[in-house]
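Each reported figure results from applying straightforward, stated rules to the coordinates on display, with no laboratory input. Note that the coordinates shown come from a computational prediction; the quantities given were computed from them, not determined experimentally. Cβ sites come from the backbone with ideal geometry, for glycine too, and all protein chains shown count toward neighbours.
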Amino acid sequence: MSNPFNAGKLLELYPNLMMNWKFVPYQTSLNWDNLERIHDRNGHLYKDWAVLFEAFPDRFMVGSDARFGIKRFSGKRYRRVLNKIRVLLGSIESTAAEMIGYKNAERIFGPL
């Protein structure tokens, strides 16, 4: 919920800081339009965020905000969110994408 400049400064200042990001659809009813997004209306990662992800690949993790067990968050909806996340990560270097996509979470929380 910031911009890449501020996020980068925080990552530089605090070497143990991890950041979480999620895909936020533009058609949301949660009134998130005033927040900084990491992607455009077509779901493509903004270049400045891509540069930051590649500069600090070990400091980001994916967040889905999945709320399993409630009616409005079905398995179908979860798959759609994951597919959008995969598209975003597919636009950066593959090693960084793997780290951000799952390896950092595995390092922090342990393997499944």
Task: Additional length obtainable on full extension of the chain from Val87 to Lys103, 0.36 nm per residue less Cα span - done: 4.0 nm
Task: Positive minus negative residues near Ala55 (Lys, Arg vs Asp, Glu; Cβ under 15 Å) - done: -2
